[in-house]
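Trainee: Pasting a structure below so you can have a look.
The values are calculated or read from the model by the stated rules, or taken from the named source; none is laboratory data. Because the structure is a prediction, the values reported are computed rather than measured. Note that we place each Cβ from the backbone using ideal geometry, even for glycine, and neighbour counts take in every protein chain shown.
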Amino acid sequence: MDWQIKAYQRLSSVSMELFELTWREFDFWGRMILNDYVLYFIFAFTSIFIIVNPIEATMVFVSLTSGADADEKRRISWRSASVAFMIAFLFAIAGNLVLRLFGITVDSMRIAGGILLFIVAIDMLRGGRYQRKVTEAELDDANYREDISIFPLATPLLTGPGAITTVIVLMGAASTLLEKSIVLIALVLTFMTTYYILRFSEIIDNALGVTGIMVLTRIMGLILGAISVDFVAIGAWNLYRSLAG
């Protein structure tokens with residue numbers, strides 16, 4: 001009887017050790033996977049947020065809404081962010097279909113998008129990006145429009161060619177449904193943040209001033225330049241492998 005009790009206790013001890021070892025392994029790999037997805041979200045959010053750049057957009061927003069009251073500014077900021085999000089969301093969902101329609105691979109889009117983003121990054125580093133996104137003619141035309149929330153604020157100021165390209169590349173590069181969901185979450189969070197930045201644009205503009213906004217723009221331009229190089233490098237390497245193989 002004693003040997004049975006001892007054997008049972010030994011078996012229980014071994015089972016507990018195996019359970020603890022398995023749990024530690026599961027916890028380790030679970031944390032690794034979680035960290036990978038967190039980093040992927042940070043990368044996606046950073047890429048979209050920087051190319052949208054709502055902080056710099058506050059200067060245009062303040063100048064175009066100088067004669068509007070608080071309620072009108074809130075309505076314009078909400079509609080601008082909403083329309084910009086819908087345009088970006090549309091290309092996020094239909095981007096792969098567009099690529100297949102024209103026979104364009106994701107890696108080709110990566111290279112083209114990376115070059116485009118690098119040009120935008122150079123403009124941001126030089127402090128002249130918003131003049132490139134919205135021309136003087138478009139700004140003059142906006143002064144005669146009753147509703148400026150769609151044009152030029154939603155597009156091309158917030159969701160322009162750079163933002164559309166970035167979203168298509170991120171969605172095309174996402175290999176799993178979870179990664180695509182992470183990109184869409186980053187997209188939603190970007191334009192939620194954009195709405196609040198535009199809503200309190202006067203406070204931000206007064207707090208940072210032109211100098212502060214330009215400093216932030218140059219910092220974001222540096223980050224965007226690194227992201228664009230990453231796009232081009234990965235796209236070129238994948239194209240090389242596909243052609244060589």
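Trainee: Among (1) surrounded by 22 or more Cβ atoms within 10 Å (Cβ to Cβ); (2) touching a Ser or Thr at 6+ places or on another chain (Cβ under 8 Å), there is one condition Arg199 misses while meeting the rest; what is its number?
Mentor: So Arg199 meets the others, but not (1).
Trainee: Listed residues Leu99, Leu90; which is closer than 28 Å to Ser181 by Cβ, in a helix (DSSP H, G or I) and modelled with pLDDT of 90 or more? Walk me through it before giving the result.
Mentor: Values: Leu99 fails: modelled with pLDDT of 90 or more.
Just one listed residue meets the conditions, Leu90.
Trainee: Quick check: is even one residue across the stretch 57-79 polar (S, T, N, Q), at pLDDT below 90, under 27 Å from Ile213 (Cα atoms) and not in a helix (DSSP H, G or I)? Break it down stepwise before answering.
Mentor: Of the residues in the stretch 57-79, the ones polar (S, T, N, Q) are 58, 63, 65-66, 77.
The next check asks that each one be at pLDDT below 90; those that pass are 63, 65-66.
Subset that is under 27 Å from Ile213 (Cα atoms): 63, 65-66.
Adding the requirement that they be not in a helix (DSSP H, G or I) leaves 65-66.
Checked against the condition, which is being polar (S, T, N, Q), at pLDDT below 90, under 27 Å from Ile213 (Cα atoms) and not in a helix (DSSP H, G or I), the stretch 57-79 yields at least one hit.
Trainee: Please go through the stretch 102-122 and pick out each residue that is part of a helix (DSSP H, G or I) and over 22 Å from Phe49 (Cβ atoms).
Mentor: So in the stretch 102-122, the residues part of a helix (DSSP H, G or I) come out as 106-122.
Of everything in the stretch 102-122, those that are part of a helix (DSSP H, G or I) and over 22 Å from Phe49 (Cβ atoms) turn out to be Asp107, Ser108, Ile111.
Trainee: Tell me which of these Ala163 doesn't satisfy, since it passes every other one: (1) under 17 Å from Ser228 (Cα atoms); (2) modelled with pLDDT under 65.
Mentor: Failing condition for Ala163: (2).
Trainee: Take the residues of the stretch 107-138 that are β-branched (Val, Ile, Thr) and modelled with pLDDT of 85 or more: which is surrounded by the most Cβ atoms within 10 Å (Cβ to Cβ)? Don't jump to the end; show me each part of the working.
Mentor: To start, the set of residues in the stretch 107-138 that are β-branched (Val, Ile, Thr) comprises 111, 115, 119-120, 122, 134-135.
Still in the list and also modelled with pLDDT of 85 or more: 111, 115, 119-120, 122.
Values: Ile111: 19, Ile115: 15, Ile119: 15, Val120: 26, Ile122: 15.
Per the criteria, the residue is Val120.
Trainee: Continuing with the same structure: Residues that are among the aromatic types (Phe, Trp, Tyr), at pLDDT below 90 and part of a helix (DSSP H, G or I): does the stretch 30-52 have at least one?
Mentor: Here is the first cut: in the stretch 30-52, the residues among the aromatic types (Phe, Trp, Tyr) are 37, 40-41, 43, 45, 49.
The next check asks that each one be at pLDDT below 90; those that pass are 37.
Of the ones still in play, those that are also part of a helix (DSSP H, G or I) are 37.
Yes, the stretch 30-52 has at least one match.
Trainee: May I ask you to verify whether Thr194 is hydroxyl-bearing (Ser, Thr, Tyr) and surrounded by fewer than 20 Cβ atoms within 10 Å (Cβ to Cβ)? Quick ask: steps written out before the conclusion?
Mentor: Values: hydroxyl-bearing (Ser, Thr, Tyr): yes; surrounded by fewer than 20 Cβ atoms within 10 Å (Cβ to Cβ): no.
Spelling it out, it is not the case that Thr194 is hydroxyl-bearing (Ser, Thr, Tyr) and surrounded by fewer than 20 Cβ atoms within 10 Å (Cβ to Cβ).
Trainee: Further question: Between a residue in the stretch 166-191 that is within 19 Å of Asn35 (Cα to Cα) and in contact (Cβ under 8 Å) with a residue 24 or more places away in the chain and any residue that is among the charged types (D, E, K, R) and surrounded by 18 or more Cβ atoms within 10 Å (Cβ to Cβ), which pairs come within a Cβ distance under 8 Å, given they are 6 or more apart or on different chains?
Mentor: Between residues of the stretch 166-191 that are within 19 Å of Asn35 (Cα to Cα) and in contact (Cβ under 8 Å) with a residue 24 or more places away in the chain and residues that are among the charged types (D, E, K, R) and surrounded by 18 or more Cβ atoms within 10 Å (Cβ to Cβ), the close pairs are Ala173/Arg110.
Trainee: Contact list please: Cβ distance under 9 Å, first residue in the stretch 225-242 and surrounded by fewer than 18 Cβ atoms within 10 Å (Cβ to Cβ), second residue of a type in the set (S, T, N, Q), pairs at least six apart or on different chains.
Mentor: So the pair list comes out as Asn238/Thr105; Leu239/Thr105; Leu239/Ser108; Ser242/Thr105.
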